[in-house]
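Asker: Before anything else, here's the structure in question.
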DNA sequence: CGGTTGCTTGAGATCCATCAATAGGAGTGG
DNA sequence: CCACTCCTATTGATGGATCTCAAGCAACCG
């Protein structure tokens, strides 16, 4: 429930500049027809990778924001800590995810950003992204698409918390993660790595950790999935989607040139 | 639970062009130092007002989006209808609210837009807004600020659904509405008009209508508020904020020029 | 080996949903 | 003005979903 206080450590040399932006680009390609020059330009924006331990704050609640965070490795989250000590995770960020809409002006963040696992996070200067978007239409399109997907995820999160049962929330989350991780090549057909704790899941889904545990057991006993160690195996994705009221259609907003 | 099928009626002449954008401008002034020329330009974008009956769909779920909707009068909402018939309202729109972030490209909307009360809604051409923002920095700043506030509201909605009790959700909503309505001059110090039904509130807050009713009675009996007819009176806003874990600070992201 | 963290299980309490019935209020037509 | 209807608000009773507290277990790690 309580987040650790360990800050980021120094620059991590194992991330060469190309490798850093690879997952990010892989995702953006779903949103716009990026050319080699667009990708080269985007790569240049990604700099200053730092490592964080699990539970470390990346951007503390209430601090001023001038850079965007891009997750290179590990999982992170946006969260809010309430006065009564409860925590709600409002968004989950996977490798390749940009943690804020690209064009916001500098501002004070109302919610913090924290690592859920050991993570490597790069900083992207706000102004540079805005400039790139202003000058290169395909980059702008890709970034707007990314923003659109992020907003859709957030709204679906609201729907889950408001109108889905505990098992449905879990199932829906797993379906969503499967799609997102597949987009960046981090899932295979029947599952993926789930590196966060059940307590994190509970803070994400608005449940207690105990109930997450029991609902997971329900899903296992129904034969829909297995969760051993960090590996989540999905035995029957179609049935899981049906059970969770998951509609993959909303996931890929059509590109403008594809609109009727 | 089920939305009506009545479409919009024809153009409503009672809205002159100036009056149409007045509330919208009033809100944006909180986000950027708009000059007369900026406001004039923004006013020109707002066109094509239409009236809708309560419960009418404004933009149905699954349709293509090329225009932005601006609420001139009445309350509206973004909602999702689940396969099992449940409805979740993901955002509430008040007079002066732009219903989508300004810059999104045309896309298929995953969630519909509906009137909750009789409403008048104008359409704003997407391209025109983007052009204006590109050319006039203050307009861009105001619109980004608006987007930022909308995103913050959405995240706070997630926190409510995930980690606040029924009474806290209601209290938090009323505090939020009080701030938002005050920004456009539609609330006075001790309350405002609440024109939606308890059933709408339940779909917004992820509760049952019966439980909304009971939680409202709790709040009344605690002496925090009164709700007679459509008028909501707040007797002790500070105490209500405390009880609801409402933090008004996040509401006004600082302008870029005010950052340290 | 002891300490820590995360997972699992049980029992009891609480919050909230559902079902069903009644009451109030606004509009409508006679 | 009354009877009627629809919609919304209210109330009661009951069951279910989920929470909390508490304890035990398993894995990992220095």
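The values are calculated or read from the model by the stated rules, or taken from the named source; none is laboratory data. As the structure is a computational prediction, the values presented were derived from the model and not from experiment. Glycine also receives a Cβ, built like all others from the backbone with ideal geometry; neighbour counts cover every protein chain displayed.
Here's the yes/no breakdown for (1) assigned to a strand (DSSP E or B); (2) within 14 Å of chain A (Cβ to nearest Cβ):
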site	(1), (2)
B:212	no, yes
B:217	no, no
B:227	yes, no
B:233	yes, no
B:243	no, yes
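Asker: For region A:39-96, name all the residues that are more than 16 Å from DNA strand D (Cβ to nearest atom), part of a loop (DSSP other than H, G, I, E, B) and on the phi > 0 side of the Ramachandran plot.
Answerer: Scanning region A:39-96 gives A:62, A:96.
Asker: Let me ask something else. Within region A:154-167, can one find any residue that is modelled with pLDDT under 95 and surrounded by fewer than 23 Cβ atoms within 10 Å (Cβ to Cβ)?
Answerer: The answer is no, given that none of the residues of region A:154-167 is modelled with pLDDT under 95 and surrounded by fewer than 23 Cβ atoms within 10 Å (Cβ to Cβ).
Asker: Give me the residue from region B:180-205 that is within 14 Å of chain A (Cβ to nearest Cβ) and out of contact with any helix residue (DSSP H, G or I) (no Cβ under 6 Å at 6 or more places or on another chain) and, out of that set, nearest to DNA strand D (Cβ to nearest atom).
Answerer: Residue satisfying both the conditions and the ranking: B:200.
Asker: Those residues that are in contact with a helix residue (DSSP H, G or I) (Cβ under 9 Å, 6 or more places away or on another chain), closer than 23 Å to residue A:150 by Cβ, more than 7 Å from chain A (Cβ to nearest Cβ) and in contact (Cβ under 8 Å) with a residue 60 or more places away in the chain, I need them from region B:76-103; list them, please.
Answerer: Once the filter is applied, which keeps residues that are in contact with a helix residue (DSSP H, G or I) (Cβ under 9 Å, 6 or more places away or on another chain), closer than 23 Å to residue A:150 by Cβ, more than 7 Å from chain A (Cβ to nearest Cβ) and in contact (Cβ under 8 Å) with a residue 60 or more places away in the chain, region B:76-103 yields B:77, B:79, B:89, B:91, B:92, B:97, B:98.
Asker: Just checking, how many residues over region A:132-172 are in contact with a strand residue (DSSP E or B) (Cβ under 9 Å, 6 or more places away or on another chain) and closer than 16 Å to residue B:91 by Cα?
Answerer: 13
Asker: Taking the stated definitions as given, is residue B:208 free of Cβ contacts under 8 Å to residues at least 40 places away in the same chain, within 14 Å of another protein chain (Cβ to nearest Cβ) and within 11 Å of DNA strand C (Cβ to nearest atom)?
Answerer: Here the answer is yes, as residue B:208 does meet what is asked.
Asker: Let me ask something additional. Could you tell me whether any residue of region A:211-225 is modelled with pLDDT under 95 and surrounded by fewer than 23 Cβ atoms within 10 Å (Cβ to Cβ)?
Answerer: No.
Asker: Let me ask something additional. Can you work out which of the residues in region A:108-119 that are in a strand (DSSP E or B) and surrounded by fewer than 22 Cβ atoms within 10 Å (Cβ to Cβ) is nearest to the other protein chains (Cβ to nearest Cβ)?
Answerer: A:108
Asker: If I ask for residues that are within 11 Å of DNA strand C (Cβ to nearest atom) and within 22 Å of the chain's Cα centre (by Cα), which ones from region B:211-225 would you list?
Answerer: Passing the criteria: only B:212.
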